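Comments concern the structure below.
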Amino acid sequence: MGLRHSLCCVLASAWTVATFASQEPPVKSDQQVLIALEQRWNEAFYRKDVASIKDILADEFIATYDDGARGDKAKELALAAEFNQQVESAVQDDFTVRVYRDTAVVWFTLRVVGVKQGQRAELTLRYTDVWVIRDGRWQCVSTQSTRVNPR
């Protein structure tokens, strides 16, 4: 009886450990984390969630916008705070992520549809973002967007 009871306890413990282990969220790769950060940044911009964007951008962040203008973290935060466009959809896709130790480059396409100055507008941009990992988290240090001309 003692051996059977011990065996049952061992099996029950193993089942409990396996059950709890299977309930832990899977570990995300750097690529998955970076894509999620890109999506969070995009969504935060349309919601005017400056606090989220501030956390994503490094203090030395530099942007080169699709019109050739440059900006820093303060300008990017101001653009988010002042955003006043009616966006119907903003889809990011075609992600390519390359990680080089503590640095990563993310390329993707953003397709935006909405209303601008009373007119329906569609815009496609290609982005190249450079990220560095600091204190265990990724921060964007640079972004560049290029407008894709419709054919």
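The values are calculated or read from the model by the stated rules, or taken from the named source; none is laboratory data. This one's a predicted model, so the numbers in the text were calculated from it and none came from an experiment. Note that each Cβ is placed from the backbone with ideal geometry, even for glycine, and that neighbours are counted across all protein chains shown. The protein model used for the area step is the full one, side chains on, heavy atoms only, and it has no ligands, DNA or RNA in it. Shrake-Rupley method; radii C 1.70, N 1.55, O 1.52, S 1.80 Å.
Residues in the stretch 124-151 that are aromatic (F, W, Y) and open to solvent by 30 Å² or more (accessible area, probe 1.4 Å): Y127 only. Checked against (1) at pLDDT 50 or above; (2) surrounded by 10 or more Cβ atoms within 10 Å (Cβ to Cβ), Q23 meets all criteria but (2). Scanning the stretch 100-124 for residues being in contact with a Phe, Trp or Tyr (Cβ under 9 Å, 6 or more places away or on another chain) and touching a residue at least 24 places away in the same chain (Cβ under 8 Å) gives a total of 7. Given (1) open to solvent by 90 Å² or more (accessible area, probe 1.4 Å); (2) touching a Gly at 6+ places or on another chain (Cβ under 8 Å), identify the lone condition not met by Q119. Condition not satisfied by Q119: (2).
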